[in-house]
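**Q** Below you will find the structure I want to go over with you.
The values are calculated or read from the model by the stated rules, or taken from the named source; none is laboratory data. If you're wondering where the values come from, they're calculated on a predicted model, not measured in any experiment. All Cβ positions, glycine included, derive from the backbone under ideal geometry; neighbour counts span all protein chains shown.
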Ligand code: SF4
């Protein structure tokens, strides 16, 4: 499982960070930083919920 973030689309709204702060953080530049781009399988549900919460669909989960 791999997380991809499109910073051109990210609006820095922070929903991902609120849902899964171990994996996402809004940086000082106002765009999302992915803290762990290859989460262990046990985190799938949690990460999927955060990806789905992004209002501008800037996050993708592959694998
Ligand atoms: S929820 Fe989407 S728009 Fe908001 S910080 Fe995360 S990736 Fe960016």
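**Q** Of all residues in the stretch 38-55, which are surrounded by fewer than 12 Cβ atoms within 10 Å (Cβ to Cβ) and within 13 Å of the ligand (Cβ to nearest atom)?
**A** Listed by number, the list holds a single entry, 55.
**Q** Looking only at the stretch 22-32, which residues are over 9 Å from the mean Cα position of the chain (by Cα), within 12 Å of the ligand (Cβ to nearest atom) and either under 13 Å from residue 60 (Cα atoms) or surrounded by fewer than 18 Cβ atoms within 10 Å (Cβ to Cβ) (or both)?
**A** 27, 29, 30, 31
**Q** Something else about it: Given the options 13, 35, 61, name the one that is modelled with pLDDT under 95 and surrounded by 13 or more Cβ atoms within 10 Å (Cβ to Cβ).
**A** One residue alone meets the criteria, 13.
**Q** Say whether the condition of being on the phi < 0 side of the Ramachandran plot, touching a residue at least 60 places away in the same chain (Cβ under 8 Å) and either in a strand (DSSP E or B) or near the ligand (Cβ under 7 Å from one of its atoms) (or both) is met by at least one residue in the stretch 1-9.
**A** Yes - at least one qualifying residue is present in the stretch 1-9.
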